[in-house]
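Worksheet: one structure, shown below.
The values are calculated or read from the model by the stated rules, or taken from the named source; none is laboratory data. As the structure is a computational prediction, the values presented were derived from the model and not from experiment. Reconstructed Cβ throughout: ideal geometry from the backbone, glycine too, with neighbour counts over all protein chains shown.
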Amino acid sequence: MQPTAIRQLSVRLSVLLAAVVTVFLLIGGAADAEGPPPATVEYVVHQGDTLWAIAADHSPPGEDIRDLIADIRDFSGMPTSAIYPGQVLRIPQG
């Protein structure tokens, strides 16, 4: 084989190996997923509601309300904890 042909073959094999490794990493990441997201209930914010009070009403006894507040913000796509009347919040259940 010519040195150029060997170099081209080496580059092609390197690209192929990188592609195979990438596919396995993506598959491995998908396999590590915890499964389907928890069920949520929708809550429409009323005048005078606070995120803290809403979380307290939907939180199991003894659970840290701050964790539920963070989950509500994540599931509802909220950049901050500010809420307004008519806003629909998605509250995880369970």
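Numbers below:
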item	result
Condition met for Ser81 (modelled with pLDDT under 95, surrounded by 16 or more Cβ atoms within 10 Å (Cβ to Cβ) and out of contact with any Pro (no Cβ under 8 Å at 6 or more places or on another chain))	no
Out of Ala19, Ala55, sole residue that is part of a helix (DSSP H, G or I) and either at pLDDT 75 or above or surrounded by 11 or more Cβ atoms within 10 Å (Cβ to Cβ) (or both)	Ala55
